[in-house]
Amino acid sequence: MPTILGQNQYGKAENRVVKITRDGDTHHIKDLNVSVALSGDLDDVHYNGSNANCLPTDTTKNTCFAFAKEHGIESAEQYGIHLARHFVDSQPSIHRARIRIEEYAWERIAGSDGNSRFIGADEVKHSFVRKGQETRLAQITYSAGGDGEAKFEVLSGLKDLTVMNSTNSEFWGYIKDKYTTLQEDYDRILATSLSTWWRHNWTSDGQRMPQWEKSYEQARKHILQAFVETYSLSLQQTLYQMGSRVINSRSEIDEIRFSAPNKHHFRQDLSAFGLENEAKDGAVYYAADRPYGLIEATILRDGCEPHIPVDMTNL
């Protein structure tokens, strides 16, 4: 039975690129995990084993490191734009490049209050501790358009941002059938570990490019503020409010998608010990890691079409 080649891509995954920028005695760190995926005129390498149109994956790895040195890393998005453009524009056989980046944040370690320093140092500005919060994400896709116009798609996001409201959350009025055992709750903990991508409406050099660092910081801020300020009757409601806050506050963002596993906290039954365990009195909870409710939603600017894949784990 004859077969044909379908979608395909190749590249070097998880290149750990760490760039140190020295500003006098003050150092700055950009710590990235960079994955490259290329596609284009690659039928012959699959059908015949001809590598004539194949840029080696080792070359893509080397390019990631060389570009960090040659161009620096202003932001994950800007760095990814440089890489994606290079692979498509420099290689006639490559028509589409996708650069996926995870960024790991570091914060500076302050010296002791006693002002104790090693001999010869005026002030320590090169020591850091890895932040234990979310991982920043970026994905840049650059395609040579069939109409001759090349276009970018820039997604930014984060994962593993764990948040909790210890009150101002309820869950009641849901469908109940013979298999329902969950009790209605009018004062519950709402906790989740957010993963989210948002899509910028910048697609070409002819447009004004967003300030990527500021855009990320502001989007994250609006997500957290909406989480705090929403009296939640469901996690779905909270996700919609977070997405709406980002869309309404950031003109450069047209679409945002959330994947939010519900970090369940159940009030422990202490009646066997003669103890009441009511939320209003400060309850003790059992934190269940699985199974968990998984709530997902896309929020769009009115009039925009969705582009972020529904399955966020398989972009």
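The values are calculated or read from the model by the stated rules, or taken from the named source; none is laboratory data. Given the structure is predicted, the values throughout are model-derived calculations rather than measurements. Because the Cβ atoms are built from the backbone with ideal geometry, glycine has one as well, and the counts that use them run over all protein chains shown. All accessible areas refer to the heavy atoms of the entire protein, side chains included, with ligands and DNA or RNA removed. Shrake-Rupley method; radii C 1.70, N 1.55, O 1.52, S 1.80 Å.
Per residue, the accessible area of the range 1-117 comes to 57 Å² when a 1.4 Å probe rolls over the protein heavy atoms. With the convex hull constructed from alpha-carbon coordinates only, the range 171-315 shows a mean projected area of 11.8 nm² over all directions. Inter-label distance, Asp89 to Lys214: 2.5 nm, where each label sits 7 Å from its Cα along the C-beta direction.
Using 0.36 nm per residue, how much length does the chain from Asp25 to Thr181 gain when fully extended, once their Cα-Cα distance is taken away?
Details: separation 156, 0.36 × 156 = 56.16 nm, distance 6.14 nm.
Full-extension gain reported as 50.0 nm.
Between the Cα long axis of helix 76-90 and the first principal axis of the chain there is an angle of about 30°, rounded to the nearest 10. Rolling a 1.4 Å probe over the protein chains gives Arg199 an accessible area of about 20 Å². Full extension of the chain between Ala52 and Lys280 gives 75.1 nm of extra length, using 0.36 nm per residue less the Cα-Cα distance. Normalising by residue count, the range 221-294 has a Cα convex hull of 109 Å³ per residue. Taking every C-alpha pair closer than 8 Å and separated by at least 6 residues, the mean separation divided by the residue count of the chain gives a relative contact order of 12 percent.
Do the sum for the chain: with -39,500 (n - 2.57) for every DSSP H run of n ≥ 4, divided by all residues, what is the mean residue ellipticity at 222 nm, to the nearest 500 deg cm²/dmol?
On the way: 5 runs with 68 residues, N = 315.
Using -39500 (n - 2.57) per qualifying helix, the result is -7000 deg cm²/dmol.
Which trypsin sites (Lys or Arg not before Pro) in the range 210-315 pass both tests, a DSSP loop state and at most 12 other beta-carbon atoms within 10 Å?
Details: sites: Lys214, Arg220, Lys221, Arg245, Arg250, Arg257, Lys263, Arg267, Lys280, Arg301; in loops: Arg250, Lys263, Arg301.
Nothing satisfies the criteria.
Compared with the dominant Cα axis of the chain, that is its longest principal axis, helix 57-71 is turned about 80°.
How far, in nm, would the chain grow between Asp289 and Phe273 when pulled straight, counting 0.36 nm per residue and subtracting the alpha carbon separation? Before the final figure, lay out each step's value.
Working: separation 16, 0.36 × 16 = 5.76 nm, distance 2.54 nm.
Answer, rounded to one decimal: 3.2 nm.
Residue-normalised convex hull volume from the C-alpha trace of the chain: 244 Å³ per residue.
Over the chain, with a Gaussian network built from C-alpha contacts below 10 Å, which listed residue (Gly274, Gly132, Gly293) shows the highest mean-square fluctuation? Greatest mean-square fluctuation among the candidates belongs to Gly274. Database remark: amide H of Ala150 closer than 5 angstrom to the amide H of Gly145 (H placed geometrically; neighbours at sequence offset of 5 or more, or on other chains; Pro and chain starts carry no H). Restricting the range 246-286 to GluC sites (Glu not before Pro) that sit in a DSSP loop and have at most 11 other Cβ atoms within 10 Å of their own Cβ leaves Glu276, Glu278.
Rolling a 1.4 Å probe over the protein heavy atoms of the chain, with every protein chain left in place, gives an accessible area that is 48 percent carbon and sulfur.
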